[in-house]
1. Cα atoms only, region 236-288: Rg and Dmax in Å?
2. Under 5 Å between amide H atoms, partner at least 5 residues away or on a different chain: which partners does residue 397 have, H built in plane at 1.01 Å?
3. Please give the helix 531-546 orientation as an angle from the longest Cα principal axis of the chain, in degrees from 0 to 90, rounded to the nearest 10.
4. Divide, for the chain, the radius of gyration over alpha carbons by 2.2 N^0.38 Å, where N is the residue count.
5. Report, in deg cm²/dmol and to the nearest 500, the calculated mean residue ellipticity at 222 nm for the chain, where each DSSP H run with n ≥ 4 adds -39500 (n - 2.57) and the sum is divided by the residue count.
6. Looking at region 106-238, what % of the alpha carbon pairs are farther apart than 27 Å?
7. At 0.36 nm per residue, and after removing the present C-alpha to C-alpha distance, how many nm does the segment from residue 163 to residue 407 gain when stretched out fully?
8. When we measure straight from the Cα of residue 411, which lysines land under 21 angstrom away, once same-chain ones fewer than 8 places off are left out?
Amino acid sequence: MARYVFITGGVVSSLGKGLASAALGALLQARGYTVRLRKLDPYLNVDPGTMSPFEHGEVFVTDDGAETDLDLGHYERFTGVAARKTDSVSSGRIYSTVLEKERRGDYLGKTIQVIPHVTNEIKDFLAVGEDEVDFMLCEIGGTVGDIEGLPFFEAIRQFAQDKPRGQCIFAHLTLLPYVTASGELKTKPTQHSVKELRSIGIAPDVLLLRSEHPIPEKEREKIALFCNVRKEAVIAAPDLKTIYEAPLAYHREGFDQAVLDAFGISPAPKPNLDRWTDVMDRLENAEGEVRVAIVGKYTQLEDAYKSIAEALTHGGMANRTRVKAEWIDAELFENDDPTPFLSNFNAILVPGGFGERGTEGKIKAAQFAREKNIPYLGICLGMQMAVIEAARNLAKVTDAGSEEFDHEHGKKRFTPVVYHLKEWVQGNHVVARKVGDDKGGTMRLGAYTAALKEGSLVSKVYGATEIEERHRHRYEVDIAYRDQLEACGLTFSGMSPDGRLPEIVELKDHPWFIGVQFHPELKSKPFAPHPLFSGFVRAAMDASRLV
Ligand code: GLN
């Protein structure tokens, strides 16, 4: 049965709990253990699928089609373990399950209460798959003391109590602020945070302390004494140059050792950190640089495209070069020539997105890349834009557009080259949707297989003719236009196995122009860069040599 590490946070949010959890996962793997990571989010949305990327960052999609928090992306990037539906839960999901059960009469007339009904539901979630791995790492979103978080804290307290002694430990991440006037690191906020945690019955075993400065021995002793934690379990989490330094840096500070000590695992197996030294070597000893324009809508908030930014970095690492990605707002040149905005780049990427705003700019970006022979990677909406561009300017369907935009405006303005998909095949069953369906969880979601055309650029990029990639979209390129578009040079080089849904398009007479209906960025890892991103960066390097 798995050992559980619960990771909580205090003092302020955004301290990097997700990253710390992911790094701990990587370090336990490096010691030969199997791990799974889980996120429990206190907000009331049933899942982040309907949340604005502005507010909550990107929605990370799992193979089995769950729309989850972006922290699950970190977990996968650091451990390579594919997350599942059962690795992410919110208060909203827990409450809706409890209320459904109540309506069904499952509780046999009992009064439904936070304790035990809500907490039991959370404990059931924690227990899923407990026999599958050595360690289950569960991160609680938010900070201790938040009203919404209380049922989760109560549930993990109970869960640890239900298990045999020594099977669950608690790691708490806080901040040591530095007060310039006195030149000191302050421990009081951490003391208060731990006090809060202990008042709800949780005594932390390991403290992870974010600080801009090294923690003096005296302060470490003080924290250990006041927070009732062993001195060796007071771990510094220093600021890092790159997130990928976290496993090595946290190991140096003794994080994984402190966790194993807390479980009483002795002697602890020695870690093999080769994977992470190689990752750091590739990042630190990169040669040259390529510039990539990401033409999108949510350009102010990088978290909205977290996985794309990371996948580009991985693509750079595969080629031992640096990728400088710049976010360009597509609306800037909707009515202008994009040349001044785009001519400075070695490659153009148009990412996924929803809604019409900015799409005319994205179409122009695709046209610019096509005409100027600049490497282009279109992801989901970025593929749809490339197809609309080719339809308008090559196949002369001058009013080509997406039904998505007509639906948004409630009137018909375009010839729908991209249409609303209402029925498709998943595995061996048919999925059906209607236009007015709920917005949450109703897209074509999760992993689907695609068959790649022999001899195509993508089949070379992947080195395969069958692939599996993750999807998240409602609209689809219409194969009715395939012959017309292929005659103009836009090849449909990847299709769903039943041949009905275009998964990939590429331009025949172009050095590297690929549009994909799925999200390859979600499967890229620093130690296993995604082939589309390695290929894209390589094409950008080739293009940079030409100019
Ligand atoms: N809005 C488009 C659709 O729903 C594209 C979605 C995306 O880019 N993820 O099909």
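1. Cα only, region 236-288: 13.4, 47 Å (Rg, Dmax).
2. Those lying under 5 Å, H to H, from residue 397 are 392.
3. Computed tilt is about 60 degrees.
4. 1.03
5. Rounded to the nearest 500, it is -10500 deg cm²/dmol.
6. 31 percent
7. 82.6 nm
8. Hits, sequence-local ones excluded: 422, 434, 439.
Since every read-out is calculated from the coordinates, none of them should be taken as a lab result. Keep in mind the model is a prediction, meaning the values are calculated, not measured. Reconstructed Cβ throughout: ideal geometry from the backbone, glycine too, with neighbour counts over all protein chains shown.
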